[in-house]
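The structure under discussion appears below in the form of structure tokens.
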Amino acid sequence: MSALVHIAAWAAISGIGLWLFGAVVLRVGGAASLTVGLLLAADTGSASAALLAVPGALAWLAGHWLFAVRNHYYRSPLARRVFLAAMPRRLDPTRSWGLPNVPPEHRR
């Protein structure tokens, strides 16, 4: 029983950490991985270096999605464009909110 409580406690701590810091970590780590992958691919011409950019782009998108779930708006215009124009509507976490949330830089 002690092991089950230990696992549940670690799961709760991990979930809280992901909720609080996951969006920042995913966005920054994803952007870094994407940038390094593209720079290495441009420098060496290696296709395997370009493959580093794919999980980086996915992590960057996941970070923006998590941010949008928490705050009801997108952190960057590029992420907003990707989710609203290129992704299926059901993946948009900002749809169908009763009260629209306006980003801080656009408030009057």
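One Cα centroid belongs to the stretch 36-95, the other to the stretch 11-32; the line between them spans 15 Å.
Projecting the Cα positions of 54, 79, 25 onto the charge dipole of the stretch 21-93 (unit charges on Cβ atoms of Lys, Arg, Asp and Glu, taken about the Cα centre) puts 79 furthest along the positive direction. Taking the number of Cβ atoms within 10 Å of each Cβ as an exposure proxy, the fewest-first ranking of 90, 95, 27 is 90, 95, 27.
When 67, 21 are arranged by Cβ crowding within 10 Å, least crowded first, meaning fewest neighbours, the order is 21, 67. Remark: spin-label model distance residue 20-residue 47 equals 4.5 nm, labels positioned 7 Å along the Cα→Cβ axis. Stretching residue 57 away from residue 76 to a fully extended chain increases their span by 5.4 nm, per 0.36 nm per residue minus the current alpha-carbon distance. About its Cα centre, the dipole of the chain is roughly 520 debye, where the only charges are +1 on Lys and Arg Cβ and -1 on Asp and Glu Cβ. Geometric descriptor of the stretch 21-93, per residue, is 84 Å³ (volume of the convex hull of the Cα atoms).
All of the numbers you see were taken from the coordinates with simple rules; none came from a lab. These numbers were taken from a predicted model, which means no experiment stands behind them. In this analysis, Cβ positions are derived from the backbone assuming ideal geometry, glycine residues included, and neighbour counts consider all displayed protein chains.
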